[in-house]
There are 2 protein chains.
Amino acid sequence: MPELESFKKQALEQLLEWLRIPSISTLPENKGDMLRAADYVEAAMKTAGMTRTEQIHRAEHPMVYGEWLGAPGKPTLLLYGHYDVQPVDPIEEWKSAPFEPEIRNENIYARGATDDKGQTWILVKAVEWLMKRDGKLPVNVRFLIEGEEEVGGEAIEKYVSEKPAQLQADAAVICDSEMFAPGLPSICTGLRGLVYGELHVEAARQDLHSGVYGGAAPNPIMAIAEILCALKDKDGHIQVPGFYDSVVEPAPAEKEAWASLPFDEAEYLEKEIGATSITGEPGFSVFDKTWARPTLEVHGIRGGFVGEGAKTVIPARAVAKISTRLVANQKPEEVIEQLKAAIAAATPKGVKAEFKFLHGAGPSLVNPDSPFIRESALAMEEIFGKKTVFIRSGGSIPIVGSFLTHLGMPSVLMGFGLPDDNLHSPNEKFHVPNFYNGIDAVVRYLERLGA
Amino acid sequence: MPELESFKKQALEQLLEWLRIPSISTLPENKGDMLRAADYVEAAMKTAGMTRTEQIHRAEHPMVYGEWLGAPGKPTLLLYGHYDVQPVDPIEEWKSAPFEPEIRNENIYARGATDDKGQTWILVKAVEWLMKRDGKLPVNVRFLIEGEEEVGGEAIEKYVSEKPAQLQADAAVICDSEMFAPGLPSICTGLRGLVYGELHVEAARQDLHSGVYGGAAPNPIMAIAEILCALKDKDGHIQVPGFYDSVVEPAPAEKEAWASLPFDEAEYLEKEIGATSITGEPGFSVFDKTWARPTLEVHGIRGGFVGEGAKTVIPARAVAKISTRLVANQKPEEVIEQLKAAIAAATPKGVKAEFKFLHGAGPSLVNPDSPFIRESALAMEEIFGKKTVFIRSGGSIPIVGSFLTHLGMPSVLMGFGLPDDNLHSPNEKFHVPNFYNGIDAVVRYLERLGA
C-alpha cells in the first residue's frame, strides 16, 4: 500500500505541527495555545470527513466533538483523546526543546508526543484514511477530544454526567496508554484513580530567626515531614485508617498472566527508574505495586529559604503537593475524608495543617470478554504479529470511569506508548513505528467491527 | 546635654542613610552594595577621629578596620560589628520596603536596623561623640567591622586566626545581641554555635510519572521526610548518636537567675512566635530550649513541582537546608561527622543522600566576673536605671569564639536589640530610644574603663 505509506508520512508531519503548539492546560499563560490546539484538531476532524464538529465549552478549555453517523445498523464508537499536555519543567533537562519536535532514532521527542497528541492523532488519521479510501466508514464514529485531561478533566466529567445524546455509543476507544513492551500489542483493562491535593502547614505568624527561637518554635517543614511519615511507613505501607479496606485483589489468573509477561526487574530498575533500588511494599511484585496497589506520593514541596547560600530562618509555612493513586473499589470521596482525618491525627503540636483537595478520579476495571475489546485484541494481533496481552496501567484516565458510570459503555484502551516514553518528564518521546502501526491497527479494528 | 541630643538625632539620620544600602552578603548581585556599605562605615570611622583606617580583603567582602591608640596606659578595646545583612524574602510580607527605612511608633523599620547596622552605629557614634567632646578618647580603640557575618564569617575567622598585631586588645565589645526586655539592660554571656548545610537526596535519574511508577519508585521528598524524622523525634529530641554527649548544663545559679527574669510564656507565644503552642523538648524551659540546648532545624526545602495546579510527578531529587545550633562544649567538626553518620544510617532504600556542609561556628560562654563585663553592666545600669541582667542568646556570633581562641580576649556583648525586632524576618526594626541609650551607655562604658 504505497498510498497508505505516504498518507502516514504526511500524518506524521501534521502531528509534528500540532506538537509545536504548547498546549499546557495547567498554565494560564498558555490559554491561547490551548485554543489553537483545539482548532487544529477540529480542522483535522473535518478533513477526516466528519459531517459535524463542535467546540464544547464547560470549563477553562474546550472539548472538540466531531461525528460521522453514516453507517446505520453498525456499531457506534466514541473515540476519545486529549490535546492538552503536562508542563515541561525541569526545562534544562530536555535535550531538545519540548515544543520543537525532533525525530532522533525513530522517536519523536516533544511534550505530548505520546501523551496524548500522538495517540489521539492515530485515531483521527485512521478514520481519515478509511474515509479517503472508501468514501465512508465501516462503523459510526463520534470524536471527543478534551483539553483538561492533565488538570483533572472536570469539564468533560461534567459534560458526560449530563448524558448528552450526542455521546451515545456502544464503546469508547481510547489511545492514551502503553504497550507492555516494544512490539507487544497490549490492551489495558485497569486504571488507577487519583486524589490530588495540597498539604498546607502554618506554624508561626512569620519567619523566625532559628537562633533566637530554635528549640521552642514549631517548624512547618518538620511538621510536613512528620505528617508524611505518619501517612506512609518506611516500607511504603500507607497508614491512613480505612485506606485499604475496599481494595480488590487481582484474580489469581490475572496475576499468573502478569507473571508470564516479559519483564526484567534489573533492567526496569536501571533503564526506566535509574535509582539504586526498587522500593515499595514488601511481598508485592512490581506489577502489583504499580497496577493493583494504591499509593501515596509527594510531588513537590516548598518552604523557607531555598536560594543560594544560607539563611537561618524557621519558615512560617510550607506546602507539599501530595496524591494517592486508587484501585478498585476505592472511592475518591471516601479517600479524601480518610486523608483529612489521618492528617489531622498526625499534625504535631504548634502548627495548623490543612489538606486542600485539587482533583480526583475513580479507579476503573473493564471486562476483557466484551466483543469490543476482543476485536481490538485481534486487530492488533494482525498488525503486530503477536498475541495481544491484557495489562493494567498505574496511571489514571478519569474519563474511563465516567463513560462507564454515566453512559454505560466500556472503554477499549488500545495503547501505543512505550514504558520508557518519559510521560510527564523531560524528553517525552513517541516511537514512530508505533505511530504507524497504531494507525494500521485502528483501521483494522474499525474494519473488523463493521464486518 | 542638648548638644548630645542633636548629635544623636544626626546620628540617626546617618544610620538611615546606611540602611538604604542593600548590603546582602549572600547574594552575588549585591556585591557593589557591600562595597558601598563598607566605604560608608570607613568614612564614619574617619569622622570619629580614627588615625588610621583600612579595608582588609580576605574573602568576598572586605572587613573595615580603624584605630585610635592615643591613650597609653589605658585599656584597649576591639569594637566589633557587621555591615552585612540577611536577605529580605518573603518580600511581600514587609509593610515598608526593607531598604527604604521608615520610622513608625519610635521604631526604625529596615533590614539591618538591629542586626547589625543599627547596633554597629552605636559603637561608631559613641566614639565620635567622645572625640568631638574631649578631643581624645578615655581608652584606646580598634574597630573591626566585617561584611560576612550573615554568611558564616569565614574571612574574619581567617584573619583573626592569623593573630594580626593590630587586633591586640584587652577585650572585644560587640553590640549584636538583644536586651531581655524593653528597658532592661542585658549582657549576653553565652551564644550557640552552628553547623549549617544542605541535605541533598537523589532518587531516580529523572522525574517520573507518579501513575506509571508510583508504588515501586523511590521518592526523594519522602526520603528527606524520613531522614528528618529519624534525626529528630516528635518531642524535639535530636536522635543523632553522640550529639548531646558534650553538652554542658547551665549552673543551678544561672538557671535560678533565668527563672526570675520577667517572662510571660503566653505573651511570648502570642506576640513573638504567633503559633498555636510552644514546642520542643519536654521538661525544659523556654530559656533552656533557646539558650542552653542544641537544636536541629530545617530552613528551607525544595523538590518537584511547586507551581500552580497539579503535576503528577515523582521528582528525581530534592534538597533541604538544615542546621544544628550547638552549645558549649559541642564542636562543629564533631557534629558534622555525627550528622553525616546519622543521615547515612537513616537514608532509605533506593536513594542517595548527602550532607553538604556550608558553614559553622563554635558555641561560646564567657565569664561574667571579668572587669570589662562588670564595668559594662554598671555603665548600662547608670543609663537605663535598672540592674543589668546576665542572659544568653540562642543565636550565633562566631567571632566571639575566634576572639577567645586566637586572641585570648573575652567579648562583652552589650545588646540593644529587642526580642520582637524580627531579626532575619520581614519587618525587622530597631527601637529608636534603644539606639540613643545605646550611645549613652557605650560612652559611659568607655569613660568608666578609662577612669
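Just to be sure, is A:PHE243 crowded, with 16+ Cβ neighbours inside 10 Å, at pLDDT 95 or above and over 20 Å from A:LEU339 (Cβ atoms)?
It is false that A:PHE243 is crowded, with 16+ Cβ neighbours inside 10 Å, at pLDDT 95 or above and over 20 Å from A:LEU339 (Cβ atoms).
For the range A:152-185, what are the residues that are of a type in the set (Ser, Thr, Tyr) and surrounded by 24 or more Cβ atoms within 10 Å (Cβ to Cβ)? Answer for the range A:152-185, where residues must be of a type in the set (Ser, Thr, Tyr) and surrounded by 24 or more Cβ atoms within 10 Å (Cβ to Cβ): just A:SER177. Count of the range A:203-221 residues, restricted to those that are of a type in the set (A, V, I, L, M, F, W, C) and either at positive phi or without any contact (Cβ under 8 Å) to a residue 12 or more places away in the chain (or both), is 2.
In the condition set (1) of a type outside the set (D, E, K, R); (2) loosely packed, with under 15 Cβ neighbours inside 10 Å; (3) within 7 Å of another protein chain (Cβ to nearest Cβ), A:PRO282 is compliant with all but (3).
So that you can scan it fast, the table gives a plain yes or no per residue for (1) touching a Lys or Arg at 6+ places or on another chain (Cβ under 7 Å); (2) surrounded by 21 or more Cβ atoms within 10 Å (Cβ to Cβ):
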| residue | (1), (2) |
| --- | --- |
| B:VAL335 | no, yes |
| B:ALA341 | no, no |
| B:ALA344 | no, no |
| B:VAL351 | no, yes |
| B:GLU354 | no, no |
| B:GLY360 | no, yes |
| B:PRO363 | yes, yes |
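B:LYS232 passes every criterion in (1) in contact (Cβ under 8 Å) with a residue 60 or more places away in the chain; (2) touching a helix residue (DSSP H, G or I) at 6+ places or on another chain (Cβ under 8 Å); (3) within 19 Å of A:GLU202 (Cα to Cα); (4) not polar (S, T, N, Q) apart from (3).
Looking for something under 22 Å from the mean Cα position of the chain (by Cα) and at pLDDT below 95 - is there at least one such residue anywhere in the range A:19-26?
Here is the first cut: in the range A:19-26, the residues under 22 Å from the mean Cα position of the chain (by Cα) are A:19-26.
Next cut, at pLDDT below 95 only: A:26.
The answer is yes; a qualifying residue exists.
The lone criterion from (1) part of a helix (DSSP H, G or I); (2) touching an Asp or Glu at 6+ places or on another chain (Cβ under 8 Å); (3) more than 9 Å from chain B (Cβ to nearest Cβ) left unmet by A:GLU267 is number (2).
Going by what's in this entry, would B:GLY70 be described as surrounded by 16 or more Cβ atoms within 10 Å (Cβ to Cβ), among the small types (Gly, Ala, Ser) and in contact (Cβ under 8 Å) with a residue 12 or more places away in the chain? Steps first, please.
Details: surrounded by 16 or more Cβ atoms within 10 Å (Cβ to Cβ): no; among the small types (Gly, Ala, Ser): yes; in contact (Cβ under 8 Å) with a residue 12 or more places away in the chain: yes.
Here the answer is no, as B:GLY70 does not meet what is asked.
Output the qualifying pairs, or none if there are none: Cβ atoms under 7 angstrom, residues six or more apart or on different chains, first residue in the range A:289-305 and more than 14 Å from A:LYS232 (Cα to Cα), second residue of a type in the set (Phe, Trp, Tyr). Note: pairs meeting the criteria are A:THR290/B:TYR213; A:HIS299/B:PHE305; A:GLY300/B:PHE305.
Counting only residues that are over 20 Å from A:ARG104 (Cβ atoms) and free of Cβ contacts under 8 Å to residues at least 40 places away in the same chain, the range A:4-34 holds 9 of them. For the range A:45-100, a residue qualifies if it is part of a helix (DSSP H, G or I) and touching an Asp or Glu at 6+ places or on another chain (Cβ under 7 Å), and exactly one does: A:THR47.
Looking at A:ALA217, A:ALA225, A:ALA257 in this structure, which one is in contact with a strand residue (DSSP E or B) (Cβ under 8 Å, 6 or more places away or on another chain), in a helix (DSSP H, G or I) and within 7 Å of another protein chain (Cβ to nearest Cβ)? The unique qualifying residue is A:ALA225. Just one of the numbered conditions (1) crowded, with 23+ Cβ neighbours inside 10 Å; (2) in contact with a helix residue (DSSP H, G or I) (Cβ under 7 Å, 6 or more places away or on another chain); (3) not in a loop (DSSP other than H, G, I, E, B) is not true of B:VAL127: (2). Is one or more of the residues making up the range B:274-287 in the same structural domain as B:PRO220 (by TED's automatic domain parsing) and part of a loop (DSSP other than H, G, I, E, B)? Checking the range B:274-287: not a single residue is in the same structural domain as B:PRO220 (by TED's automatic domain parsing) and part of a loop (DSSP other than H, G, I, E, B).
Looking at the range A:317-329 only, could you name the residues that are at the interface with another protein chain (Cβ under 8 Å from one of its Cβ atoms) and of a type in the set (A, V, I, L, M, F, W, C)?
First pass over the range A:317-329, keeping only residues at the interface with another protein chain (Cβ under 8 Å from one of its Cβ atoms): A:318-321, A:323, A:325.
Those that are at the interface with another protein chain (Cβ under 8 Å from one of its Cβ atoms) and of a type in the set (A, V, I, L, M, F, W, C): A:ALA318, A:VAL319, A:ALA320.
Name the residue, out of A:ILE21, A:ILE108, A:ILE103, that is farther than 29 Å from A:GLU447 by Cα, in a strand (DSSP E or B), of a type in the set (A, V, I, L, M) and out of contact with any Ser or Thr (no Cβ under 6 Å at 6 or more places or on another chain). Spell out how you get there, then give the answer.
Details: A:ILE21 fails: in a strand (DSSP E or B); A:ILE108 fails: farther than 29 Å from A:GLU447 by Cα.
Every option except A:ILE103 fails the conditions.
How about the range A:47-66: which of its residues are closer than 27 Å to A:VAL151 by Cα and surrounded by fewer than 21 Cβ atoms within 10 Å (Cβ to Cβ)?
Of the residues in the range A:47-66, the ones closer than 27 Å to A:VAL151 by Cα are A:53-66.
A:THR53, A:GLU54, A:GLN55, A:ILE56, A:HIS57, A:ARG58, A:ALA59, A:GLU60, listed by residue number.
Can you name the residue in the range B:436-451 that is of a type in the set (Gly, Ala, Ser) and more than 17 Å from B:GLY183 (Cβ to Cβ) and is also surrounded by the most Cβ atoms within 10 Å (Cβ to Cβ) among such residues?
Residues of the range B:436-451 of a type in the set (Gly, Ala, Ser): B:438, B:441, B:450-451.
Remaining after also requiring more than 17 Å from B:GLY183 (Cβ to Cβ): B:450-451.
Working: B:GLY450: 17, B:ALA451: 9.
Across the range B:436-451, the extreme among qualifying residues is B:GLY450.
Give A:GLY197, A:GLY211 a once-over and let me know the one that is at pLDDT below 95, outside any loop (DSSP other than H, G, I, E, B), within 13 Å of chain B (Cβ to nearest Cβ) and touching a Lys or Arg at 6+ places or on another chain (Cβ under 7 Å).
Numbers: A:GLY197 fails: at pLDDT below 95.
Step by step, each of A:GLY197, A:GLY211 is checked, and only A:GLY211 is at pLDDT below 95, outside any loop (DSSP other than H, G, I, E, B), within 13 Å of chain B (Cβ to nearest Cβ) and touching a Lys or Arg at 6+ places or on another chain (Cβ under 7 Å).
Being assigned to a loop (DSSP other than H, G, I, E, B) and not aliphatic (A, V, I, L, M) is the filter here; which residues of the range A:314-348 pass it? Selection gives A:PRO315, A:ASN329, A:GLN330, A:LYS331, A:THR347, A:PRO348. Keeping to the range A:230-254, report how many residues are within 14 Å of chain B (Cβ to nearest Cβ), within 15 Å of A:THR324 (Cα to Cα) and part of a loop (DSSP other than H, G, I, E, B). Selection size over the range A:230-254: 7.
The values are calculated or read from the model by the stated rules, or taken from the named source; none is laboratory data. All figures in this text were calculated on a predicted structure; none of them were measured in a lab. Here the Cβ is made from the backbone with ideal geometry for all residues, glycine too, and neighbour counts use every protein chain on show.
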